[in-house]
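Right, one structure below, let's go through it.
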Amino acid sequence: MPQLSMAALVALARSGSLISFPTDTVPALAVLPDHASNIYQAKQRSAEKPLILMAASPAELWPFVQGSPADLRCWQTLAQQFWPGALTLVLPASPAVPLAVHPHTPDTIGIRVPDQILAQAILQQTGPLATTSINRSGQSALTQPDLIEAHFPQVFTLDHGHWPPPGPGLPSTVIAWNGQPNSPSPWDLLRPGHISLEQIFS
């Protein structure tokens, strides 16, 4: 696909096209939540592996989760500490989450606000997007736009001049809310990543 300006990329994202952009971890493959099935097809990804919702601000993500007032306060406290940043929270999903985003795990949804200027600029204009790393399922994440274009010609990307140098290539840390009152921690580690557990729970 041709390299695009920010305005052109946002317009295509709003129309339901697959796009890719840099984040503070690895580049994202993204689409409007209602079109999330296109990500599974492009990546040859099992529908048993859910996507996450990424947005420019926490306020845009809270409608997609549900819990008690005490639960919400706990989640918001953690978000205030680590968002924007490389921490994905897997929380109980509200009915607002399209089934296409998590076809085999409809009770939960991962959410994150990235700490990257370009990503936030795009998300501010598109609203929340269903996202994942851009790679074929089971392969390493692609980190450079020329490789993304070569492997995913159907995906639209920004002009190369907009892309920052590749980062360390670490994914976000993923923790899931278990809500068990007698558990040593209300969170379970699903994937280690850029932020350590010591940073989160110190």
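The values are calculated or read from the model by the stated rules, or taken from the named source; none is laboratory data. These numbers were taken from a predicted model, which means no experiment stands behind them. Note: ideal-geometry Cβ built from the backbone for every residue, glycine included; neighbour counts use all protein chains shown. What goes into the accessible areas is simple: the full protein's heavy atoms, side chains included, and nothing from ligands, DNA or RNA. Shrake-Rupley method; radii C 1.70, N 1.55, O 1.52, S 1.80 Å.
For A79, all conditions in the list (1) assigned to a helix (DSSP H, G or I); (2) touching a residue at least 60 places away in the same chain (Cβ under 8 Å); (3) open to solvent by less than 10 Å² (accessible area, probe 1.4 Å); (4) in contact with a helix residue (DSSP H, G or I) (Cβ under 8 Å, 6 or more places away or on another chain) hold save one; what is the number of the exception?
Of (1) assigned to a helix (DSSP H, G or I); (2) touching a residue at least 60 places away in the same chain (Cβ under 8 Å); (3) open to solvent by less than 10 Å² (accessible area, probe 1.4 Å); (4) in contact with a helix residue (DSSP H, G or I) (Cβ under 8 Å, 6 or more places away or on another chain), only one is false for A79: (2).
Please give the number of the condition A13 fails out of (1) outside any loop (DSSP other than H, G, I, E, B); (2) modelled with pLDDT under 95; (3) crowded, with 21+ Cβ neighbours inside 10 Å.
So the condition that A13 fails would be (2).
Among (1) under 15 Å from the mean Cα position of the chain (by Cα); (2) part of a helix (DSSP H, G or I), there is one condition L91 misses while meeting the rest; what is its number?
(2)
Can you tell me which residues in region 117-134 are modelled with pLDDT under 95, open to solvent by less than 30 Å² (accessible area, probe 1.4 Å) and either farther than 15 Å from I52 by Cβ or touching a Gly at 6+ places or on another chain (Cβ under 7 Å) (or both)?
Result: L118, single match.
Considering only region 31-74, how many residues are over 16 Å from the mean Cα position of the chain (by Cα), part of a loop (DSSP other than H, G, I, E, B) and either more than 17 Å from T108 (Cβ to Cβ) or free of Cβ contacts under 8 Å to residues at least 40 places away in the same chain (or both)?
Result for region 31-74: 3.
Can you confirm whether I175 is under 19 Å from the mean Cα position of the chain (by Cα) and over 30 Å from A8 (Cβ atoms)? Before the answer, list the steps.
On the way: under 19 Å from the mean Cα position of the chain (by Cα): yes; over 30 Å from A8 (Cβ atoms): yes.
In short, yes.
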